[in-house]
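Peer 1: Take a look at the following structure, please.
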Amino acid sequence: MNLRSQRVSDLVAAVCIPASCLMYLHLMLLGMPGTPSAPPTGPEESLALVERGASGVGSPFAVAPPVNVTGGAREDLLLMTPILKCGATAMRNLLKALKNENKFDLVISQPKKAELVHIPQRNIQHDLAGNASFFSRPTVLMQSFAYINFTSHHLRKPIHVSLVRSPVERAISWFYHARAPFQLVERHNRFPDTKFPTRKFLKKDLETCLKDRRDRECRYVIGQEVLGHTIEFFCGHDPFCPIFGDRQGLNRAMQVVEKDFAVVGILEDWDKTLAVLEHYIPRYFKGATKIYQDRLKGDKIMTNENFYKPKVDPKAREFLNRNFTVENEFYDFLRQRLDQQYRALLAPTPSPEA
């Protein structure tokens, strides 16, 4: 990295660091293995940022079943599962703007050198669910781990919410996110003992990576573990969940979404996502559309747009897409579900019987 790029990186990093707390899953691309940390003993050990909102109580639900499954959830706890390169920073900044308006606390899990999405140890799952259930004030918790069935741990489930994007576009964005100067500087500032990647790694483009059969960074091989793919976040922690392209994982993920997720937004349908969140969970998202339009829209820092991502050859995108059949099927399922929820908002309210 030359001097000029370092100076630009430092400048960008100085602005981006406050909006970069959730940029950790790129470590998997860098090939930096992580091991599960010891089970936390309380929320102080696993949560870094607690932002207090004003006090208040209100009904969190506005749309009736079957398209709204939040009825059996705790009204005072919303668990937002952020997925890297799926609008996580934009959602975090939106929630930061909403917390005082809607009177809730916002809790953001602290970044670590390496996070594990898949956690097969049931005792660690139990501790995570227990820590999440600790809060007594109305709280939004942003913490990135695969779905945990709270009721199986004898705990009331939270309101589950997440946000996804086109799987191939996410893979491309993830590839170049790992090379973005601002996130490399931010990571080094947060973890000074980590080393910067090599110049060869930084200069590598997706097209070159795809041409090299030995390069595993951009290879999404069906039947092998690919930690952090979209289905894994919704599948849970069974052995088949990390397997890329596994139909058992797909079926489980669909079942989990239908049963327990109030809303799974779509980055490509952002306006529709905001409308559904605002009407289905007004306790936390009332006014979301207006606040986004007034404060966040068009702000590349607040939405974490990668200035350094180049245009990708359509042939490379098509080649990468060949192995994403199952991921695309799940994405299409989520888009149809969001569309169904949105259309329910537009349906005329039946008049009461005389």
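Here, each number is a calculation from the coordinates, and none is a lab measurement. Model, not experiment: these values are computed from the prediction. Backbone-built Cβ (ideal geometry, glycine too); neighbour counts: all protein chains shown.
Peer 1: Have a look at Gly245, Leu227, Thr194 and report the one farthest towards the positive end of the charge dipole of the range 193-256, computed about the Cα centre with Cβ charges (Lys/Arg +1, Asp/Glu -1).
Peer 2: After comparing all options, I get Thr194.
Peer 1: Subtract the Cα-Cα distance of Asp294 and Glu217 from 0.36 nm times their separation in residues, and report this length gain in nm to one decimal.
Peer 2: 23.9 nm
Peer 1: Here is the link list: Lys203/Lys315; Lys103/Lys272; Lys103/Lys290. Which ones come out longer than 26 Å on Cα distance?
Peer 2: none
Peer 1: Taking the mean number of other Cβ atoms within 10 Å as a proxy for protection, how do you rank 213-221, 77-85, 192-200 from highest to lowest?
Peer 2: Top to bottom by mean Cβ count within 10 Å: 77-85, 213-221, 192-200.
Peer 1: Related question: Kindly put Arg179, Arg335, Arg343 in sequence by how many other C-beta atoms sit within 10 Å of each C-beta, fewest to most.
Peer 2: The fewest-first ordering by Cβ neighbours comes to Arg343, Arg335, Arg179.
Peer 1: Can you sort Cys86, Cys209 from fewest to most other Cβ atoms within 10 Å of each residue's own Cβ? Write out the running numbers ahead of the final one.
Peer 2: Values: Cys86 24, Cys209 16.
Listing Cys86, Cys209 from fewest to most nearby Cβ atoms yields Cys209, Cys86.
Peer 1: Something else now. In which sequence would His126, His154 go, from the one with the fewest C-beta neighbours within 10 Å to the one with the most?
Peer 2: Least to most surrounded, the residues fall as His154, His126.
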